[in-house]
Amino acid sequence: MKNLGNKISIVEKILQTLPGERRYLVHFLHLVQQATGYIPEEILPAAARHFSVSPSEIFGVVTFYSAFSLKPHCQHEIVVCQGTACHVRGSGAIMEEFSRWLGVKPGEENLEKNVLLKPVNCLGCCAIGPVVVVDGQLQAKVDLKEVKRIAEKLTGESEKRE
């Protein structure tokens with residue numbers, strides 16, 4: 001795995017900043033995900049020793065929560081809220097439009113365009129929906145014109161897909 005040594009070094013530094021109490025495990029995982037882009041499986045034994053839990057317990061936490069990933073993601077991630085409030089305001093059509101523009105089905109990656117299109121059940125921003133998170137930046141009251149602008153910006157393409 002490319003740059004694994006560097007990622008392990010980053011993880012070791014993060015572990016040094018946290019107490020070895022189990023209650024810090026999820027915070028640790030968030031810090032690792034933020035620093036490396038994912039949770040490398042190779043770090044599980046060191047984290048398990050530090051927090052006095054089994055590697056399988058950490059694996060269970062990582063695979064249970066959708067915020068964590070065991071593999072690197074594409075450079076760009078588009079998250080479209082599909083909660084009730086966003087849905088009634090058109091998030092389904094927004095998801096379809098992103099899918100059409102990016103050539104990727106919801107929940108899948110387009111490696112050529114380096115983008116992941118991800119539906120989520122709720123982002124908890126119901127009053128400002130439909131909500132889309134693009135590369136970690138929340139965008140409120142997104143409409144179909146915004147989808148085109150976002151897709152063009154991420155892919156560098158400006159021709160409409162039919």
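The values are calculated or read from the model by the stated rules, or taken from the named source; none is laboratory data. All values derive from a computational prediction rather than experimental measurement. Neighbour counts are summed over all protein chains in view; Cβ atoms, including those assigned to glycine, are modelled from backbone coordinates with ideal geometry.
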*State whether the residues of region 63-74 include one that is over 13 Å from the mean Cα position of the chain (by Cα), under 24 Å from GLY156 (Cβ atoms) and without any contact (Cβ under 8 Å) to a residue 40 or more places away in the chain.*
no
_Lone qualifier among GLY37, GLY90, GLY83 - being surrounded by 14 or more Cβ atoms within 10 Å (Cβ to Cβ) and closer than 25 Å to LYS13 by Cβ_ = GLY37
*asked:* Based on this model, can you work out whether GLN34 counts as over 19 Å from LEU123 (Cβ atoms) and either modelled with pLDDT under 95 or under 21 Å from the mean Cα position of the chain (by Cα) (or both)?
replied: no
*Give PHE98, PHE59, PHE68, PHE28 a once-over and let me know the one that is in a loop (DSSP other than H, G, I, E, B) and aromatic (Phe, Trp, Tyr).*
PHE68
*What number of residues in region 1-25 are surrounded by 12 or more Cβ atoms within 10 Å (Cβ to Cβ), assigned to a helix (DSSP H, G or I) and not charged (D, E, K, R)?*
8
*Single match in GLU109, GLU146, GLU157, GLU152 (criterion: acidic (Asp, Glu) and either assigned to a loop (DSSP other than H, G, I, E, B) or on the phi > 0 side of the Ramachandran plot (or both))*: GLU157
*If you check TYR24, TYR38, which single one turns out to be farther than 30 Å from ILE128 by Cβ, outside the structural domain of ILE128 (by TED's automatic domain parsing) and among the aromatic types (Phe, Trp, Tyr)?*
TYR24
*asked:* I'd like to verify a number: residues in region 108-161 that are β-branched (Val, Ile, Thr) and without any contact (Cβ under 8 Å) to a residue 40 or more places away in the chain, how many?
replied: 1
*Six or more apart or on different chains, Cβ under 7 Å: which pairs go from a residue in region 7-33 that's within 17 Å of LYS71 (Cα to Cα) and touching a residue at least 12 places away in the same chain (Cβ under 8 Å) to one that's among the charged types (D, E, K, R) and part of a helix (DSSP H, G or I)? Could you list them?*
ILE8/GLU42
*Within region 4-48, count every residue that is out of contact with any helix residue (DSSP H, G or I) (no Cβ under 7 Å at 6 or more places or on another chain), β-branched (Val, Ile, Thr) and closer than 18 Å to PRO72 by Cβ.*
0
